[in-house]
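Right, I'll just put the structure down here and ask away after.
The values are calculated or read from the model by the stated rules, or taken from the named source; none is laboratory data. Because the structure is a prediction, the values reported are computed rather than measured. Heads up, the Cβs are rebuilt from the backbone with ideal geometry, glycines too, and the neighbour counts pull from every protein chain shown.
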Amino acid sequence: MLLQSSMTSQGIMAREARFGAKNYAPFPVVLVRGSGAYLFDASGKRYIDMMSAYSAANFGHLHPRLVRAMKHQLDRLDIISRAYYSDNLGLLCERLAGLTGLDVCLPMNTGAEGVETAIKAARRYGYGRLSIPDGQAEIIVAKGNFHGRTTTIVGFSSESSYRRGFGPFAPGFIAVPFGDAAAVEAAIGPCTAAVLIEPVQGEAGIIVPPEGYLASLRQICDRHGILLIFDEVQSGFGRTGRNFCFEHEDARPDGLILGKALGGGLIPVSAFVARRAVMDVFEPGSHGSTFGGNPLAMAVACEAIQVLQDEDLALRSHVLGKTLLGALSDISHPAIVEIRGKGLWAGVELDPARAKAKDVCLAMMRRGVLTKETHETVIRFAPPLVIDEADLLSAVEVFHDALEETATSHAMSCAD
């Protein structure tokens, strides 16, 4: 830290560019401190965080209770591997089962690992319980999905930039339009083991499906005797105004993939939670992770669940989400094509002929609000669930001013 603090922001960015892989294109700001819904750069400038690290920081930055839980665990035990019992893994599994209404939990580290775990469970379930011929199991997914970056997962992505140069890919995935329940049912065949869907597509631009879609998927999967798996890595833990997005339609899945916020913004934690019949496909040696379920991560995750409930953050997300969507809808600007959202999660789609989403985000950054565009045309609004209403409205006002500036500049450059 002493070495880092002695460098200028330009020096820090130059060193990362020199020695770091180019798999990200960060905005030109060096962040060194966080507190609640705020981030601070190397010069001490304060920013309102409207990204929450893709929902990993739902509870805000350095929530005191989560920090305290982590420090307490650090005084006791770090990691032992799953070769032995720890005193808090079972507690985390019990709390997740109770919160989700499911039976059994398998903890991992990253969201992508959670998805891979679900895929393995669905395939083995298909072979053992649905009599699908070995090696022929199929999983139905949605076009526009984002479930992670492993080679298996990007293989069924419809985004060419995620796939280019990484093949060959694993077979066994059928993609249908998102939000179209009839298309899902039409795609079901004798080798279908599961349907794997994000209840809201975050990376695609906060795409919210038609009302009743999740409930229809539940009914379809029940009708055909196949598994329904929801990926709530981003939408879970209060983001959409309920603890989990599936609760909006009482469409409890057979398996649920969780991550990001489960680690309280402090440590990577993910989990696959499922009905016992689904999870019972695993036996010792069939799946695992050195760091999955480690005591330090379990301590933070247990406290994160408790904070979610004690602070009623799902309700807070529901209430502030209405404020956010209302304030965004009040903005009248020709560059705005559509505003979408659920809970404290919104996407504003822009007409690229009038304003570039990245330029708007950069203009917001200069004004003290941090967010990030997706798919070049959508600006995301996903602040920590602990944000104050005044800061939320201030961020929307900054967006309006940044949009005006960017659109005017864009129009002038086009005229030239």
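From the list D250, D254, which one is assigned by TED's automatic domain parsing to the domain that holds V273 and farther than 26 Å from A382 by Cβ?
Working: D250 fails: farther than 26 Å from A382 by Cβ.
It is D254.
Moving on to the next point. Only residues that are more than 22 Å from H248 (Cβ to Cβ) and of a type in the set (K, R): list them for the range 331-379, please.
R354, K356, K358, R366, R367, K372
Filter the range 17-66 down to residues that are under 23 Å from V269 (Cα atoms), in a loop (DSSP other than H, G, I, E, B) and of a type in the set (S, T, N, Q) and give me whichever is nearest to the chain's Cα centre (by Cα).
By that ranking, first place goes to N58.
Looking at (1) part of a loop (DSSP other than H, G, I, E, B); (2) on the phi < 0 side of the Ramachandran plot, which one does Q10 not meet, given that it meets all the others?
Unmet for Q10, out of (1) part of a loop (DSSP other than H, G, I, E, B); (2) on the phi < 0 side of the Ramachandran plot: (1).
Can you give me the number of residues within the range 93-140 that are in contact with a helix residue (DSSP H, G or I) (Cβ under 8 Å, 6 or more places away or on another chain), more than 27 Å from C191 (Cβ to Cβ) and surrounded by fewer than 17 Cβ atoms within 10 Å (Cβ to Cβ)?
0
While we're on this one: If you go through the range 46-56 one residue at a time, how many are in contact with a strand residue (DSSP E or B) (Cβ under 7 Å, 6 or more places away or on another chain) and either in the same structural domain as G202 (by TED's automatic domain parsing) or of a type in the set (A, V, I, L, M) (or both)?
Here the count works out to 3.
Does the range 185-195 include one or more residues that are closer than 22 Å to R252 by Cα and under 22 Å from the mean Cα position of the chain (by Cα)?
yes
A quick yes/no check of all residues on (1) buried (at least 20 other Cβ atoms within 10 Å of the Cβ); (2) in the same structural domain as D87 (by TED's automatic domain parsing):
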| residue | (1), (2) |
| --- | --- |
| G292 | yes, yes |
| L296 | yes, yes |
| E303 | yes, yes |
| S329 | no, no |
| V337 | no, no |
| G341 | yes, no |
| G347 | yes, no |
| R354 | no, no |
